[in-house]
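Single-structure report; data block below.
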Amino acid sequence: MSEQSIALWGRFEYQVTDVDDPRHFTDTELSATFTCGEESRTVWGFYNGNGQFILRFMPDVPGVWHYRISSNIPSQSPVEGTFTCVPETQLTGPVQRDGDGHFRYANGNAFYPFGTTAYVWNYQPDDIQQQTLASLAASPFNKIRMCVFPKHYRYNLQEPMRFPFPGTLDQGFDFTRFDTTFFAQLESQIQKLDELNIEVDLILFHPYDRWGFSAMSQETDRRYLRYVVARLASFKNIWWSLANEFDLLKEKPMSFWDAAIAQIKREDPSSHMISIHNWHNPPIHYRSNAHWYDHHNPALTHASIQHHDMHFVPEWRQTFAKPIVIDECCYEGNVDLGWGNITGEKMTALFWHGVILGGYVTHGETYLNEDEIIWWSHGGTLKGTSIPRIAFLRNILEEGQAKRLTPLPWGSHWDTSMGISCEGNWGLFYFGDHCPAYKMMTMLPENTTWKVDIIDTWAMTITPVAGVIQHGDKLDLPAKPWIALRLIKL
């Protein structure tokens, strides 16, 4: 293969053909070692059907990369080659962890996850998929939670056209092969999301199943994970979510999750984000996280949590010393399930509390429709009143300097969520549904001076306060809910 130039965080692809044989899915291996200076990556290839093997790699260091490809295909001798990785100023690269609480792109730019959930939008008819992409393009969301496997649940009883494995519910599935057309469609969907600058938090397992995908053999699970990582790790916008509500997958012991996380960490040459998500039943789990996976696992880049109370975020930040993403906090909507009928005001408040307390929050929406196309699962059209308010918050965070908010101790101000930048010169305070007519600003450090703006987070207005504010000053407030303060140190 002639030498070629590949953009930094672009994709190198190597293809080889052999006799078409379905046993290639289980019996044939293709791998490569890529080196650039002291950097070395091991990459697995995958069988794409029709005798075609593909190996993909996303280079993350500029320079000349050398590769050596090996396989147990009898006709395939070891292949060596080189390509040059060149910087590309338009590409941000994949998202990475930034310290113990935040995220950044590989190029160093700050990344603030403002996510949403549409579990199986990728299984919907083409017109619904196009609606979903158009809705996302007009939304504030830069991350989406979505599944590889279809979902069986209320409002999710239609039978999909295709599956990750060939077969049907009636005839059964061939777990020794993969449906390459399904995965080609999934790749196209991920690419379209990348073109919208949206990260894909890809859920690899979940319990809402009638086809048997949640109870496959461990060997099938292992091959499935290798195949998915080999096909998708070269997409810069991919994140790995081991499971949605992993603790409801009763057939899989904790040792399975340990091994699955280790396998992804080992086989993903691009070190994408990795997390695992828990079930949450408020009466049982409000104070207990005994059912969670141990987020201390160093292979997990962040803690993906389902919980409805953002006031635990500071505690979780301290406990796990890694970014906290509340990937389910309830859904704005009107279904008859308790997790799916909060108001737009409540959803907006959850975002403000979560972000100010040093975490990140994922949106969800469950408004009923006559056609039962509901955003939380199917995508389609966004209807909620929280959407523009979430966009308003995102804009406040993203304008100007990077905001790495750290929660301030509550002390006597337990009614107020307070966050301050790591530099100590920028902050947001939020009163939620409390309605103070004034606030004594005793939480400000002594001998400091601040410029203050009063933010109506629901009306989306920002009103500067005349003069400056210091420790202990009385600050008059509108005495209504959903008020926040922006503070800039002078």
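Here the spin labels are modelled as points 7 Å beyond Cα on the Cα-Cβ line, and at Glu372 and Trp410 they lie 4.2 nm apart. Normalised by 2.2 N^0.38 Å, with N the number of residues, the alpha-carbon radius of gyration of the chain equals 1.04.
With both labels modelled 7 Å from their Cα along Cα-to-Cβ, the Asp174 to Gln4 distance reads 3.0 nm. Compute the helix-to-body angle for 386-398: its Cα long axis versus the longest principal axis of the chain, expressed 0 to 90° and rounded to tens. The helix 386-398 is inclined about 90 degrees to the chain. Across the stretch 4-86, the mean sequence separation of Cα contacts (distance under 8 Å, 6 or more residues apart), normalised by length, yields a relative contact order of 38 percent.
Note on the stretch 93-207: Cα convex hull, mean projected area over all directions, 8.9 nm². Considering only alpha-carbon pairs that sit under 8 angstrom and 6 or more positions apart, the relative contact order computed for the chain is 12 percent. The fewest-to-most ranking of Asp268, Asp371, Asp98 by surrounding Cβ atoms within 10 Å reads Asp371, Asp98, Asp268. For the chain, the longest principal axis of the Cα atoms and the long axis of helix 218-232 meet at an angle of about 80 degrees. Global size of the stretch 4-86: 13.2, 38 Å for Rg and Dmax (C-alpha atoms, Rg to one decimal, Dmax whole). Extents of the stretch 1-140, largest first, come to 51, 41, 29 Å (Cα atoms, principal axes, whole angstrom). Helical runs assigned H by DSSP (4 residues or longer) give the chain a calculated mean residue ellipticity at 222 nm of -6000 deg cm²/dmol, each run adding -39500 (n - 2.57) before division by the residue total. A simple spin-label model places pseudo-atoms 7 Å from Cα toward Cβ; at Lys250 and Ser75 they are separated by 5.0 nm. Once C-alpha pairs closer than 8 Å and six or more residues apart are averaged by separation and normalised to the residue number of the stretch 338-433, the relative contact order reads 27 percent.
Ignoring lysines fewer than eight residues from Lys439 along the same chain, the ones with Cα atoms less than 16 angstrom from its Cα are Lys451, Lys474, Lys480.
Test of understanding: what is the full-extension gain from Ser288 to Thr35, defined as 0.36 nm times their sequence separation minus their Cα-Cα distance?
86.5 nm
The charge dipole of the stretch 98-255, taken about the Cα centre with unit charges on the Cβ atoms of Lys, Arg (+1) and Asp, Glu (-1), comes to about 160 debye, rounded to the nearest 20.
Quick check: the angle from helix 180-195's long axis to the longest principal axis of the chain, C-alpha only, nearest 10 degrees? The angle comes out near 30 degrees. Reducing the stretch 393-416 and the stretch 57-93 to their Cα centroids gives an inter-centroid distance of 42 Å. When the label point is put 7 Å from the Cα of Thr84 along its Cα-to-beta-carbon vector, which residues of the stretch 46-68 have a backbone N closer than 14 Å? The answer is 62-66.
Values in this text are rule-based calculations from the coordinates and carry no lab data. For clarity, every value in this text was computed on a predicted model and none was experimentally measured. Reconstructed Cβ throughout: ideal geometry from the backbone, glycine too, with neighbour counts over all protein chains shown.
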